[in-house]
């Protein structure tokens, strides 16, 4: 590493194909390679995105934790890696990594730790008790352990401020999008319909989300069932982790709704721009979000969105789409029906406005620069080694 380079160690729970993980990879790939060097540590062995990072010269290591809990031996190993690597700044991503990374950083030396939080409200029906306990621990430790706490949404900041996170350290940096990569594909409408055997003039409503209770695919299917009774020729496209016909629960909902012949389950896909460009309406059905990346991606592709009013969804979409209450399939179906009824010219106009909004407010280079300023700020501050007796501070 060049002496004038700022080294950033990112610590994250997994490198699976999910929102925060993808944002970490986008940030690392977009940073100025003449000024910054990145390294990633995954607490677990889930490393779907590791090859992508290796391809741009980012080192990826895993602690191999079976569960995201502070295993003392692995925390000490992480501290050793920090001492060896000598990062100027540590950026931890999400609750478990925030806690474990901060403990290891204190053992290794006085390295500033920036926390990232991509979670919003808690739902006891869904969220694990362990996760909620880690969140409470982080709130208590935030004043001593976090140099800065970055949220991807205003809603998330408000939620965590109420949970007594250190108010003077909170900052919002929204998710960012490479609008040169995620963009309208003029050939997508025809090619997607040809691939799926959908009539050329059929309306397609799509949802991109992993199968998780927060994403509320049950709500989506109920809304699709309602719309199908009014507009039986509409097709529904679903993609994401766990979105396959082998998913017995999801398949059961679809069969019970009587829309098997109108649903297309594509699983994980890489051709995001093609999928969003090829559909007429993109949607979410979530009961909880912070900043849904798929909404920004669909908007960047020039596709109007119907979203549930959770997290910053309404702020992202603003007047380029529709916002409905969560867990209300009737409202979701009605918003789809209204947008279909408005006609293709209106949808095109909304799609153009949506892409323009992403370019003006959520373009990746501007988001990356905000992170780089934070890294540079803390790298410039003098650091002090923690003495051998430093372990006692955890008891205070």
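The values are calculated or read from the model by the stated rules, or taken from the named source; none is laboratory data. Worth saying up front: this structure is predicted, and the values here are computed from it rather than measured. Ideal geometry is used to build each Cβ from the backbone, glycine not excepted, and the neighbour counts take in all protein chains shown.
Test of understanding: among 90, 100, which residue is surrounded by 24 or more Cβ atoms within 10 Å (Cβ to Cβ) and within 23 Å of residue 376 (Cβ to Cβ)? Full working, then the answer.
On the way: 100 fails: within 23 Å of residue 376 (Cβ to Cβ).
So the residue among 90, 100 that is surrounded by 24 or more Cβ atoms within 10 Å (Cβ to Cβ) and within 23 Å of residue 376 (Cβ to Cβ) is 90.
Can you name the residue in segment 301-330 that is assigned to a strand (DSSP E or B) and free of Cβ contacts under 8 Å to residues at least 24 places away in the same chain and, of all such residues, is farthest from residue 281 (Cα to Cα)?
Applying the first criterion (assigned to a strand (DSSP E or B)) to segment 301-330 yields 305-308, 322-324.
Filter once more, so that each one left must be free of Cβ contacts under 8 Å to residues at least 24 places away in the same chain: 322-324.
Details: 322: 10, 323: 13, 324: 14 Å.
It comes out as 324.
For every residue, the table says whether it meets (1) under 30 Å from residue 140 (Cα atoms); (2) modelled with pLDDT of 95 or more; (3) more than 28 Å from the chain's Cα centre (by Cα).
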site	(1), (2), (3)
327	no, yes, no
331	no, yes, no
335	no, yes, no
342	no, yes, yes
347	no, yes, no
351	no, yes, no
356	no, yes, no
375	yes, yes, no
389	yes, no, yes
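Any idea which of 207, 198 is surrounded by 14 or more Cβ atoms within 10 Å (Cβ to Cβ), more than 19 Å from residue 300 (Cα to Cα), in contact with a strand residue (DSSP E or B) (Cβ under 7 Å, 6 or more places away or on another chain) and assigned by TED's automatic domain parsing to the domain that holds residue 345? Steps first, please.
Values: 207 fails: more than 19 Å from residue 300 (Cα to Cα).
From the options 207, 198, the qualifying one is 198.
Per-residue answers, yes or no, for (1) assigned by TED's automatic domain parsing to the domain that holds residue 205; (2) surrounded by fewer than 19 Cβ atoms within 10 Å (Cβ to Cβ):
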site: 338; (1), (2): yes, yes
site: 350; (1), (2): yes, no
site: 353; (1), (2): yes, yes
site: 373; (1), (2): no, yes
site: 381; (1), (2): no, yes
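Here is a list of conditions, (1) in contact (Cβ under 8 Å) with a residue 40 or more places away in the chain; (2) farther than 14 Å from residue 375 by Cβ; (3) not in a loop (DSSP other than H, G, I, E, B), and residue 40 meets all of them except one; can you say which number that is?
(1)
Return the pair list, or none, for Cβ contacts closer than 8 Å from residues in segment 233-259 that are not assigned by TED's automatic domain parsing to the domain that holds residue 223 and surrounded by fewer than 19 Cβ atoms within 10 Å (Cβ to Cβ) to residues that are outside any loop (DSSP other than H, G, I, E, B) and modelled with pLDDT of 95 or more, at least 6 apart or on different chains.
Listed pairs, sorted by first residue: none to list.
Please determine, by comparing only the residues of segment 14-26 that are in contact with a strand residue (DSSP E or B) (Cβ under 7 Å, 6 or more places away or on another chain) and more than 19 Å from residue 367 (Cα to Cα), which one is surrounded by the fewest Cβ atoms within 10 Å (Cβ to Cβ).
To start, the set of residues in segment 14-26 that are in contact with a strand residue (DSSP E or B) (Cβ under 7 Å, 6 or more places away or on another chain) comprises 14-15, 20-21, 24.
Filter once more, so that each one left must be more than 19 Å from residue 367 (Cα to Cα): 14-15.
Details: 14: 23, 15: 28.
Checked segment 14-26; the qualifying residue surrounded by the fewest Cβ atoms within 10 Å (Cβ to Cβ) is 14.
Answer yes or no: is there a residue in segment 26-38 that is under 20 Å from the mean Cα position of the chain (by Cα) and more than 18 Å from residue 376 (Cα to Cα).
Of the residues in segment 26-38, the ones under 20 Å from the mean Cα position of the chain (by Cα) are 26-31, 38.
With the extra rule that they be more than 18 Å from residue 376 (Cα to Cα), the set shrinks to 26.
Looking for residues that are under 20 Å from the mean Cα position of the chain (by Cα) and more than 18 Å from residue 376 (Cα to Cα), one finds at least one in segment 26-38, hence yes.
Could you pull out every one of the helices (runs of 4 or more DSSP H) wholly within segment 68-187 that has 1 or more residues that are farther than 18 Å from residue 311 by Cα and within 21 Å of the chain's Cα centre (by Cα)? I'd like the intermediate steps shown before the answer.
On the way: elements: 72-85, 95-108, 129-145, 154-162.
It comes to 95-108, 129-145.
Among the residues of segment 276-294, count how many are closer than 19 Å to residue 195 by Cβ and assigned to a loop (DSSP other than H, G, I, E, B).
In the first step, residues of segment 276-294 are kept if they are closer than 19 Å to residue 195 by Cβ; the result is 276-282.
Going one step further and asking which of them are assigned to a loop (DSSP other than H, G, I, E, B), we end up with 279-280.
Qualifying residue count for the region: 2.
For residue 45, state whether it is assigned to a loop (DSSP other than H, G, I, E, B), surrounded by fewer than 23 Cβ atoms within 10 Å (Cβ to Cβ), assigned by TED's automatic domain parsing to the domain that holds residue 148 and free of Cβ contacts under 8 Å to residues at least 24 places away in the same chain. Break it down stepwise before answering.
Numbers: assigned to a loop (DSSP other than H, G, I, E, B): yes; surrounded by fewer than 23 Cβ atoms within 10 Å (Cβ to Cβ): yes; assigned by TED's automatic domain parsing to the domain that holds residue 148: yes; free of Cβ contacts under 8 Å to residues at least 24 places away in the same chain: yes.
It is true that residue 45 is assigned to a loop (DSSP other than H, G, I, E, B), surrounded by fewer than 23 Cβ atoms within 10 Å (Cβ to Cβ), assigned by TED's automatic domain parsing to the domain that holds residue 148 and free of Cβ contacts under 8 Å to residues at least 24 places away in the same chain.
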